[in-house]
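Student: Quick one: structure below, then a few questions.
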Amino acid sequence: FLTSSMHIGALRWHFLLQSLEDLHKNLGQLGSCLLVIQGEYETVLRDHVQQWNITQVTLDAEMEPFYKDMEANIRRLGAELGFEVLSLVGHSLYNTQRILDLNGGSPPLTYKRFLHILSLLGDPEVPVRNLTAEDFQRCRAPEPGLAECYRVPLPVDLKISSESLSPWRGGETEGLQRLEQHLTDQGWVTSFTKPRTIPNSLLPSTTGLSPYFSMGCLSVRTFFYRLSNIYAQAKHHSLPPLSLQGQLLWREFFYTVASATPNFTQMAGNPICLQISWYKDAERLHKWKTAQTGFPWIDAIMTQLRQEGWIHHLARHAVACFLTRGDLWISWEEGMKVFEELLLDADYSINAGNWMWLSASAFFHQYTRIFCPVRFGKRTDPQGNYIRKYLPILKNFPSKYIYEPWTASEEEQKQAGCIIGQDYPFPMVNHKEASDHNLQLMKQVREEQHR
Ligand code: FAD
């Protein structure tokens, strides 16, 4: 999946290998171990089913087209080679097919209707219980040598560069620690209101659990039920769509719509997506991707993304709006691909869904609200500490210039040790002119495609 359907970068590969290593260690404590077989799944199964006398194959039921095909192929192989296939829903809260069935089989599905359907379904299934040493008592221990032969690969085995390492560490152990840390602050949990969280805090102001959910290190159901328990003990708590449980429901919403929408990750042939003639401009796209737009707020976010693989939801809003309907009028598909490569939590359905949202191509219709690349970040970080951290070249500018250093005089630029146009670029667009122009384009497209 990682190589055939998505373009995953070095940070996520490291995160995956760390997660596997952690799983291996945890299984070791239960008297078992993890064997990692590398290769294309059909060949791997054909090679190992007889050799190891495999009678049952279990897999996570996923909704992406790649996984649907994979499951169908494995079932076919099972019938041919004589093994049983067990497919379990575990990555989402509900079996999304049940939600779709109650919606009459397919989208359109609004968030409001989606919540109504969930209320008919009741609480999601409880999490699968944790494994214990007893579960492994009847298992045959792998022969000596086998564990070494099928050990978790090292980055060097897969030729993954070790140059860039994210501060985020993969694995269930880390994920659980992060979960527990957040849940100890019950006041924070019950009053959580997403728009009030801060996009440019130096440590995540939201849970930062997305990489762990995305990689399967942590169960969303465990999180959901832990939240329910806390809510049950509180007098008041925030509600969807703004609450923490509400965030999980957004995730579920995108999975549900994606699983029933053809060509969900592209504009062409995607029935829920506005058809827009975006500009094709490789040079401008490159400047956005490599943090050279000349807007410190945008460039600091893109730098955090590249260095660490995680950025706050509203920071994602800022850079996505800038690339698409706000300033550059470049296709959301291009932005989605960059996120896919750089995000630790890169997810086929959630990424595409949110990119369509931010570019006002689907779901979101308040397209007249365009984020200003100067004012947006200033509101929550007027001193620009976030910019100073991620763009150290600008760190000596006084706060009044940090979001728009091109407005500082030549003398002030010299004093800050950074000449605009030489050490840091001028803004690549005039935001006011570009966004006014794009707004007109967007109005036109929407009038034309009203139906
Ligand atoms: P919290 O606010 O703590 O929320 C808890 C969990 O709820 C998250 O871990 C996540 O699983 C889920 N969640 C929160 N917001 C959303 C949302 N808007 N949509 C769906 N699920 C949500 N999230 C991904 O997991 N993978 C992606 O590839 C991804 N791409 C995005 C692209 C764009 C352009 C935008 C605007 C958002 C994207 N998001 C993506 C959604 C969201 O930004 C992240 O899930 C969130 O910021 C992760 O941080 P957190 O774990 O601290 O979230």
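Student: With N denoting the number of residues in the stretch 1-109, provide Rg(C-alpha) divided by 2.2 N^0.38 Å, to two decimal places. Before the final figure, lay out the partial values.
Tutor: On the way: Rg = 16.7 Å, N = 109, 2.2 N^0.38 = 13.1 Å.
Ratio of Cα Rg to 2.2 N^0.38 Å: 1.28.
Student: Can you give me the relative contact order of the stretch 282-450 as a percent, contacts being Cα pairs under 8 Å and 6 or more apart? Present the calculation step by step, with values, prior to reporting the outcome.
Tutor: Details: 196 pairs, mean separation 45.2, N = 169.
Averaging sequence separation for qualifying contacts and normalising by length gives 27 percent for the stretch 282-450.
Student: Per residue, what accessible area does the stretch 282-450 have, given a 1.4 Å probe and all protein chains present, in Å²? Walk me through the intermediate numbers first.
Tutor: Details: 6970 Å² over 169 residues.
Accessible surface, normalised per residue, equals 41 Å².
Student: Please compute the alpha carbon radius of gyration of the stretch 188-297, then divide it by the globular-protein estimate 2.2 N^0.38 Å. Two decimals is fine.
Tutor: On the way: Rg = 18.5 Å, N = 110, 2.2 N^0.38 = 13.1 Å.
Compactness ratio reported: 1.41.
Student: Let me ask another. Check each of the trypsin sites (Lys or Arg not before Pro) in the stretch 63-146 and keep only those in coil by DSSP with at most 14 other C-beta atoms within 10 angstrom; list them in order. Write out the running numbers ahead of the final one.
Tutor: Working: sites: 68, 75, 76, 98, 112, 113, 129, 138, 140; in loops: 129, 138, 140.
Listed in order of number, the matching sites are 129, 138, 140.
Student: Relative contact order for the stretch 53-173 using alpha-carbon pairs under 8 Å, separation at least 6, rounded to a whole percent? Could the numbers behind the result be given before it?
Tutor: Details: 58 pairs, mean separation 21.9, N = 121.
18 percent.
Student: Here's another thing I want to ask about it. Quick one: which residues, 5+ away or cross-chain, put their amide H under 5 Å from the amide H of residue 57? H built at 1.01 Å from N.
Tutor: Amide H neighbours of residue 57: 84, 85, 86.
Student: Measure off 7 Å from each Cα along the Cα-to-Cβ vector at residue 129 and residue 415, then give the distance between these two points in nanometres to one decimal.
Tutor: Rounded to a tenth, the inter-label distance reads 6.9 nm.
Student: When N is the residue count of the chain, what does its C-alpha Rg come to as a fraction of 2.2 N^0.38 Å? List each step's numbers first, then the result.
Tutor: Details: Rg = 23.9 Å, N = 451, 2.2 N^0.38 = 22.4 Å.
Here the Cα radius of gyration is 1.06 times the empirical estimate.
Student: Where in the chain are the helices, taken as whole DSSP H runs, whose Cα atoms extend 27 angstrom or more along the long axis and whose Kyte-Doolittle mean reaches at least 1.0?
Tutor: On the way: long enough: 10-29 (29 Å, -0.35).
Answer set is empty.
Student: Something else about it: So for the stretch 282-450, Kirkwood radius off the Cα pairs, Stokes-Einstein at 25 °C and 0.890 mPa s: how many µm² s⁻¹?
Tutor: Working: Rh = 16.4 Å.
Here the translational diffusion coefficient equals 149 µm²/s.
Student: While we're looking at this one, here's another question. Just name one of 382, 218, 429: the one whose Cα is farthest towards the positive end of the charge dipole of the chain (beta-carbon charges, Lys/Arg +1, Asp/Glu -1).
Tutor: So the residue we want is 382.
Student: How much of the accessible area of the stretch 309-451, in percent, comes from carbon and sulfur atoms when a 1.4 Å probe is used?
Tutor: Values: 3090 of 6270 Å².
Carbon-and-sulfur percentage of accessible area, whole number: 49.
Student: Nearest 20 debye, what's the magnitude of the dipole of the stretch 282-450 about its Cα centre given +1 on Lys and Arg Cβ and -1 on Asp and Glu Cβ? Don't skip to the answer; put the middle values down first.
Tutor: Working: 19 positive and 20 negative charges, 85 e Å.
My answer is approximately 400 debye.
Student: What is the local net charge at residue 237, summed over the other residues whose Cβ is closer than 15 Å to its Cβ (Lys, Arg +1; Asp, Glu -1)? Walk me through the intermediate numbers first.
Tutor: Details: positive: 194, 196, 226, 235; negative: 185.
Summing Lys and Arg as +1 and Asp and Glu as -1 gives +3.
The values are calculated or read from the model by the stated rules, or taken from the named source; none is laboratory data. Keep in mind it's a predicted model, so treat the numbers as computed, not measured. Cβ: placed from backbone, ideal geometry, glycine included. Neighbour counts: every protein chain shown. Just the protein is used for accessible areas: all its heavy atoms, side chains included, with ligands, DNA and RNA removed. Shrake-Rupley method; radii C 1.70, N 1.55, O 1.52, S 1.80 Å.
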